[in-house]
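Working notes, structure below.
The values are calculated or read from the model by the stated rules, or taken from the named source; none is laboratory data. Given the structure is predicted, the values throughout are model-derived calculations rather than measurements. Methodologically, a virtual Cβ is constructed for each residue, glycine included, from the backbone with ideal geometry; neighbour enumeration extends over all protein chains shown. Side chains are part of the model used for accessible areas, which takes the heavy atoms of the whole protein and leaves out ligands, DNA and RNA. Shrake-Rupley method; radii C 1.70, N 1.55, O 1.52, S 1.80 Å.
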Amino acid sequence: MRVDVIDRIEDFAALAADWNRVYKADERARYFLSHPFLSGWLPTLKQNWLVLAARDGRNGPHRAFFPLRISATRRRDGSYANVIYMAGNYGADYTGMICEPAIEREAVSAFAARFKQMHWQAINLDYVPAGDHRYKLFAAHFPKATFAVDRERRINLRDNVDNLVCPWARLPGSFEDYLAGLSANMRQKLRRLLRALDTDPRLTIELSTARTFEADLAALGRLWAGKWGERKGAARTVSLLNASRALVRQVWASGDLFMPVLRRNGEVVAILAIFLDRQKRVAHFYMTGRDESFEGPAPGLLLHAWSIRQLIGEGCIVYDFMRGNEPYKWLFGSEPMYLQCLRVTTRSGRNLGGRLDRRSLPVVIEGATQMHRKGKFAEAEAAYLQVLALEPDNLHAIYRYAQLLETRGDYGRAGKLYRRLLAHNPRSTKVWQHIADCLEHLGYIDEARAAARRAEHNLTIN
């Protein structure tokens, strides 16, 4: 199979028809791998994403997709290595590839071959389905002599919550049929909660609307922070809320957000944010916030029960609680889906092919500059040299590396780099001044004065 590399959002948009067809055919595919979701998500990753798209021949339809993102990680010596993540990490609960069932082996082999042509030190296959044999096939393409394949756990030790377990409930054709599948105690509890909602005029549940959305989203964040803020700390709370709000806004904009709000006397008591996969008819519970001081019907259970009843009426067949096996999720007649986190690494600890991925060059240049400013010259040099090994004419790297060499007193090498810059901009006042300084330190006084005059002349012209 042929594997195309898609890294422009307009080219990704053009994949919609093929993507939707493959997504529908792949029973393991989840909302975070859908074209509507990724259309909003990928632009937030700027230039660090790509999609591997497999098809038969040059002109055939695409039949498998692997959405990815690439980061650059600084090593102790200052050099960088590239790490490939799934495109959805770490906003999406489910990631991985999607593929037509009939061509899984061929697609996995083609993807693995394409990965081996790329430059990376690690591939993090986080939160992919544990029972999906495609990832076992994928890992088998990386021989033990050159690569290591490991599995990682995702257990929150404080709460003993396993984030590789995802409870989900099947939804039958009616709410009464759903209740019949629960324990007698839970069935009675949910009926009692819904009855309290129906009979207490102070209580209302309404879906967020265009008029109320921003206020509801702010309330969701405020209530969530009220429960988790102290535990997670101020900085992390702000970071998590910013990320979750951005994601909820994105899903709202795509028309896939189901956000019920429980109020008493008009004051918000609790909110759920649920993502709707309309193609698969699955509801994914993403986030909740509730007033911990509220004394009344259990707001979380009530909102879930109300939502399940509403969503059954809209034709949903699955209510997915997503990552984390918190005890309350099992009360709703849930069964588990298991995820896995696989990590493929090079045994050398360095990128395949000994080169950086080109997409990471801006990050590496900026990182080298920061180390340079802190006086970590050896580390900065290692990063600058990596950039120049890939792009010998990268003007930013040449200029900053020349400055580093000049600062260290290596005026000969610095001068040569500055002269390379003149080939691109012979009227640069700064470069001529740097050349003058280097020549003066090397003892070439006449040449230094001539270079200084060129700098003054260019300054006058400019």
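Things worth noting here:
- Shape metrics for the range 3-150, restricted to C-alpha atoms - Rg then Dmax, Å: 14.9, 47
- Distances between every pair of Cα atoms in the range 60-141, grouped in 5 Å steps from 0 to the bin holding the largest one, split as 3, 13, 23, 25, 18, 10, 5, 2, 1, 0 percent.
- The modelled label-to-label distance between Q370 and A145, using points 7 Å beyond Cα along the C-beta direction, is 3.9 nm.
- Near-label residues of the range 238-276 by backbone N, under 14 Å of a point 7 Å along Cα→Cβ of F213: 245-260, 274-276
- Cα long-axis angle, helix 16-25 against the chain (0 to 90 degrees, to the nearest 10): 50
- Percent of alpha-carbon pairs separated by more than 20 Å within the range 255-329: 30
- With N counted as the residues of the range 357-462, its alpha-carbon radius of gyration over 2.2 N^0.38 Å works out to 1.10.
- Alpha-carbon centroids, the range 271-293 and the range 139-196: separation in whole Å: 14
- Summing charges over neighbours of L247, with a neighbour being any other residue whose Cβ is under 12 Å away from its Cβ, gives 0 when K and R count +1 and D and E count -1.
- Potential lengthening of the chain between R419 and L395 amounts to 7.5 nm, from the contour at 0.36 nm per residue minus the alpha-carbon distance.
- Computed on the Cα trace of the range 308-421, the radius of gyration divided by the Kirkwood hydrodynamic radius gives Rg/Rh = 1.39.
- Cα-centre dipole for the chain with unit charges at Cβ (Lys and Arg positive, Asp and Glu negative), debye to 20: 700
- Amide H contacts of S208: M259, V261, each under 5 Å away and 5 or more positions distant or on a separate chain (H built 1.01 Å from N in the peptide plane; Pro and chain starts excluded).
- Sorted largest first, the spans of the alpha carbon positions of the range 218-309 along the three principal axes are 39, 32, 20 Å.
- Accessible surface, per residue, of the chain when the full set of protein chains is kept, probe 1.4 Å, Å²: 48
- Angle between the chain longest axis and helix 445-461 axis [Cα atoms, degrees, rounded to 10]: 50
- Shape descriptor for the chain: Rg over Rh equals 1.09 (Cα atoms; Rh from the Kirkwood inverse mean 1/r).
- Take the Cβ atoms of R158 and H457, set R0 to 60 Å, and the FRET efficiency comes out at 0.35.
- Contour minus Cα-Cα distance for E292 and A378 (0.36 nm per residue): 25.7 nm
- When the alpha carbon gyration tensor of the range 148-278 is reduced to an equivalent ellipsoid, its three semi-axes come out at 28, 24, 17 angstrom, largest first.
- Helical contribution to [θ] at 222 nm, DSSP H n ≥ 4, -39,500 (n - 2.57), averaged over the chain, rounded to 500: -14000 deg cm²/dmol
- Fully extending the segment from Q188 to K46, taken as 0.36 nm per residue of separation minus the present Cα-Cα distance, adds 46.1 nm.
- Pairwise centroid distance, computed over Cα atoms, of the range 383-462 with the range 300-329, Å: 64
- When all protein chains stay in place and ligands, DNA and RNA are ignored, the 1.4 Å accessible-area order of K374, K232, K144, K329, largest first, is K144, K374, K232, K329.
- Taking each of K376/K416; K24/K46; K232/K329; K227/K374; K227/K280; K24/K227 in turn, the alpha-carbon distance tops 31 angstrom for K227/K374; K227/K280; K24/K227.
- For the chain, DSSP calls about 90 percent of its internal beta bridges antiparallel.
- Helix 104-116 and the longest principal axis of the Cα set of the chain meet at an angle near 30°.
- Contact order relative to length of the chain, as percent, for alpha carbon pairs under 8 angstrom and 6 or more apart: 18
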